[in-house]
Amino acid sequence: MYPLVYIARHGQTEWNTQRRLQGQADTDINELGRQQATANGRRLGAMIGKGEDFDFVASPMRRTCETMELMRAAMGLDPLAYRTEPRLVELSFGEWQGFTFRELESRHPGSTHGRRAAKWDFQPPGEGAESYEMLLERVKPWFDALDRQTVCVTHGGVMRCLFRFVTGLSKQEAASLDVPQDRLLRLEGRSLEWL
């Protein structure tokens, strides 16, 4: 059973708008992303106040750290008083990072068919590349060890893994799940709810 955790995806980046595979490329949020982060911070502050009993943790990537800092500022908190957790970084797309699927198909016709057929278990080419299943194995122990109320800023892939191991969503459904950047996800016990 999980303690109360509020999870936010980082705000929008230019690569999100271009549908580029970000993975572990360290990109920045754009103006809309900053607005999303601030709005999520205000929403969170209305629910938990100053969050004195909460641990604040973010993936160490620039887009998640800036999102956390804007959320905390919107709550009236010291923007920098949070910690980072390397296990919360996005899955690695290996050699595919920075490309769109159209670009990959143009360069290597047929190269993305395997991912479309089995998205959850597909591992892209390149050193360090991960499947969603590999990502789940990395992030689940961190969530399982949580022993206090937490605010977490992370990535779409991590949140898809949450739905898989918390609610038992099928691999296909979890891999295709839409993960909004302008909403909060509430985890408590064995339930997940979009706010």
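Would a scan of region 76-86 turn up a residue that is of a type outside the set (D, E, K, R), buried (at least 20 other Cβ atoms within 10 Å of the Cβ) and in contact with a Leu (Cβ under 9 Å, 6 or more places away or on another chain)?
Scanning region 76-86 turns up no residue that is of a type outside the set (D, E, K, R), buried (at least 20 other Cβ atoms within 10 Å of the Cβ) and in contact with a Leu (Cβ under 9 Å, 6 or more places away or on another chain).
Of all residues in region 68-87, count the ones that are in contact with a helix residue (DSSP H, G or I) (Cβ under 6 Å, 6 or more places away or on another chain) and hydrophobic (A, V, I, L, M, F, W, C).
Total satisfying the criteria: 4.
Condition check ((1) modelled with pLDDT of 95 or more; (2) over 15 Å from the mean Cα position of the chain (by Cα)) across all residues:
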{"site": "49", "(1), (2)": "yes, yes"}
{"site": "57", "(1), (2)": "yes, no"}
{"site": "62", "(1), (2)": "yes, no"}
{"site": "73", "(1), (2)": "yes, yes"}
{"site": "82", "(1), (2)": "yes, yes"}
{"site": "91", "(1), (2)": "yes, no"}
{"site": "102", "(1), (2)": "no, yes"}
{"site": "107", "(1), (2)": "no, yes"}
{"site": "113", "(1), (2)": "no, yes"}
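Would you pick out the residues in region 31-46 that are free of Cβ contacts under 8 Å to residues at least 60 places away in the same chain and more than 23 Å from residue 85 (Cα to Cα)?
Within region 31-46, 31, 32, 35, 42, 46 meet the criteria.
Answer yes or no: is there a residue in region 91-98 that is in contact with a strand residue (DSSP E or B) (Cβ under 9 Å, 6 or more places away or on another chain) and within 20 Å of residue 155 (Cβ to Cβ).
Looking for residues that are in contact with a strand residue (DSSP E or B) (Cβ under 9 Å, 6 or more places away or on another chain) and within 20 Å of residue 155 (Cβ to Cβ), one finds none in region 91-98, hence no.
Can you find, within region 50-91, the residue that is farthest from residue 147 (Cα to Cα) among those that are of a type in the set (Gly, Ala, Ser) and in a loop (DSSP other than H, G, I, E, B)?
76
Go through region 31-49 and give me each residue that's β-branched (Val, Ile, Thr) and farther than 23 Å from residue 146 by Cβ.
38
For every residue, the table says whether it meets (1) surrounded by 14 or more Cβ atoms within 10 Å (Cβ to Cβ); (2) in contact (Cβ under 8 Å) with a residue 60 or more places away in the chain; (3) at positive phi; (4) not in a loop (DSSP other than H, G, I, E, B).
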{"position": "99", "(1), (2), (3), (4)": "yes, yes, no, no"}
{"position": "106", "(1), (2), (3), (4)": "no, no, no, yes"}
{"position": "111", "(1), (2), (3), (4)": "yes, no, no, no"}
{"position": "122", "(1), (2), (3), (4)": "yes, no, no, no"}
{"position": "127", "(1), (2), (3), (4)": "no, no, no, no"}
{"position": "136", "(1), (2), (3), (4)": "yes, no, no, yes"}
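Could you check how many residues of region 78-93 are aliphatic (A, V, I, L, M) and touching a residue at least 60 places away in the same chain (Cβ under 8 Å)?
3
Quick one: which residue in 162, 169, 187, 146 is within 17 Å of residue 88 (Cα to Cα), of a type outside the set (Val, Ile, Thr) and either in a loop (DSSP other than H, G, I, E, B) or modelled with pLDDT under 95 (or both)?
Residue meeting the stated conditions: 146.
Could you say whether any residue in region 150-166 is touching a residue at least 40 places away in the same chain (Cβ under 8 Å) and either surrounded by fewer than 14 Cβ atoms within 10 Å (Cβ to Cβ) or more than 26 Å from residue 84 (Cα to Cα) (or both)?
No - not one qualifying residue is present in region 150-166.
Kindly provide the set of residues from region 40-60 that are exposed (fewer than 14 other Cβ atoms within 10 Å of the Cβ) and of a type in the set (Gly, Ala, Ser), ordered by number.
Correct list: 46, 49.
The values are calculated or read from the model by the stated rules, or taken from the named source; none is laboratory data. Source: prediction; values computed, not measured. Note: ideal-geometry Cβ built from the backbone for every residue, glycine included; neighbour counts use all protein chains shown.
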